[in-house]
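The values are calculated or read from the model by the stated rules, or taken from the named source; none is laboratory data. Quantities reported herein were computed from a predicted structural model and do not represent experimental measurements. Neighbour counts run over all protein chains shown; Cβ positions are idealised from the backbone, glycine included.
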Amino acid sequence: MFILQVQFAARGQWERGDEWRAAYKVGDQVQFTVSGNEADFQTCTVSTNDPGFPMRVACKAFKQWGAGSYIVYGKSSLRPLKNTETKKEPINKASNRPPAEQPSTQKKWGYGDEWRGEFAVGDKIQFSISGKAADFQTCRVAENNPEAVLRVRCDAFKQWDAGTYIVHAPSYIRAKNTTTQTKEPEPTNEDNRNRKAVTPAPAKPTAPPPAGLKVGEYACYGVGGRIMIGLGFKVLPGNRYTDLDGHNPGSFSITGNTVSFRGGHLGGKTGRNLRGHSFTIGAQAECEPY
């Protein structure tokens, strides 16, 4: 029998054994190792750290590890970043003015992600889960870190369950007030005589990204964004996969928007509603790359 275990903690209260996480805040720069090896520690940024939810850090590409958002499974893989601040320059006694402050380094959007700069965490926006115009609904931006992904949190809508979804392309999201139109002044008779009829060119539809599973680690979340222990897996080239520890190998195939697993710890299970690189499995668990 396949058993799903759910991590849970009361709001604002750390689960037993997770008290060490209280020393880290969202936005802190830390040292994190993806593999657990001392040689793989790199500088990352804490992106989420709420009791009852997994702790995540956003990291740049490092050695053989790709850039992305990683779950911190234990305190041995994380440590505070050593203080690297430079000493402040002394005040110029002759002018009695402090030295000019250096401008802070702003996080830059990756190539092709510049459109994400107009959306901030907490903004109400219009989001289409399927990419279709009929499925746009009001959601709220939950995460938008240049070093990670853009996520929105939505209520239940039509056949879609409430939850957190990744925004894969600009065609899936738009500002909430884009549907309001400014009323133009009515033309005068003189304007009507001089105006030539102009037929606007039809807008070119933006095709959604191709559906499939991307190479890397996947996590699956239940209601409220809680991680489902035992469903996580690692996608390998050639439609192969293993568990997160690299064991229990198996394979998968994609037919339409359905993912079928053969062998391994997910053997016999089927993912449905494949969109972009995410899909639904079981009753209502959402699996996506992290």
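For (1) at pLDDT 85 or above; (2) surrounded by 14 or more Cβ atoms within 10 Å (Cβ to Cβ); (3) outside the structural domain of Gly224 (by TED's automatic domain parsing), each residue gets a yes or a no:
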position: Thr48; (1), (2), (3): yes, yes, yes
position: Pro90; (1), (2), (3): no, no, yes
position: Pro99; (1), (2), (3): no, no, yes
position: Ser104; (1), (2), (3): no, no, yes
position: Ala120; (1), (2), (3): yes, no, yes
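List the pairs whose first member sits in region 218-245 and is farther than 19 Å from Tyr73 by Cα, whose second member is surrounded by fewer than 16 Cβ atoms within 10 Å (Cβ to Cβ) and of a type in the set (S, T, N, Q), and whose Cβ atoms are under 6 Å apart, counting only residues at least 6 apart or on separate chains?
Listed pairs, sorted by first residue: Asn239/Ser251; Arg240/Ser251.
Would you list the strands (runs of 3 or more DSSP E) that sit entirely within region 107-159 and hold 1 or more residues that are of a type in the set (Ser, Thr, Tyr)?
On the way: elements: 124-128, 136-144, 150-154.
Hits in region 107-159: 124-128, 136-144.
Would you be able to tell me the number of residues in region 20-42 that are more than 21 Å from Leu150 (Cα to Cα) and either touching a residue at least 12 places away in the same chain (Cβ under 8 Å) or in contact with a Leu (Cβ under 9 Å, 6 or more places away or on another chain) (or both)? Explain how you work it out, then say what you get.
Our first condition is that a residue be more than 21 Å from Leu150 (Cα to Cα); within region 20-42, this holds for 20-24, 30-42.
In the following step, the residues that additionally are either touching a residue at least 12 places away in the same chain (Cβ under 8 Å) or in contact with a Leu (Cβ under 9 Å, 6 or more places away or on another chain) (or both) were identified as 20-21, 23-24, 30-36, 40-42.
Of the residues in that region, 14 qualify.
Filtering region 136-149 down to residues that are modelled with pLDDT under 90 and in contact with a strand residue (DSSP E or B) (Cβ under 8 Å, 6 or more places away or on another chain), which residue is surrounded by the most Cβ atoms within 10 Å (Cβ to Cβ)?
Looking only at region 136-149, we keep the residues that are modelled with pLDDT under 90, and these are 145-149.
If we keep only those that are in contact with a strand residue (DSSP E or B) (Cβ under 8 Å, 6 or more places away or on another chain) as well, we get 145, 147-149.
Details: Asn145: 19, Glu147: 18, Ala148: 21, Val149: 19.
Going through the qualifying residues, I end up with Ala148.
Tally the residues that are polar (S, T, N, Q) and at pLDDT 85 or above, restricting the search to region 8-46. Write out each step before concluding.
Kept after step one, since they are polar (S, T, N, Q), are these residues of region 8-46: 13, 29, 31, 33, 35, 37, 42-43, 45.
Restricting the remaining residues to those that are at pLDDT 85 or above gives 29, 31, 33, 42-43, 45.
Result for region 8-46: 6.
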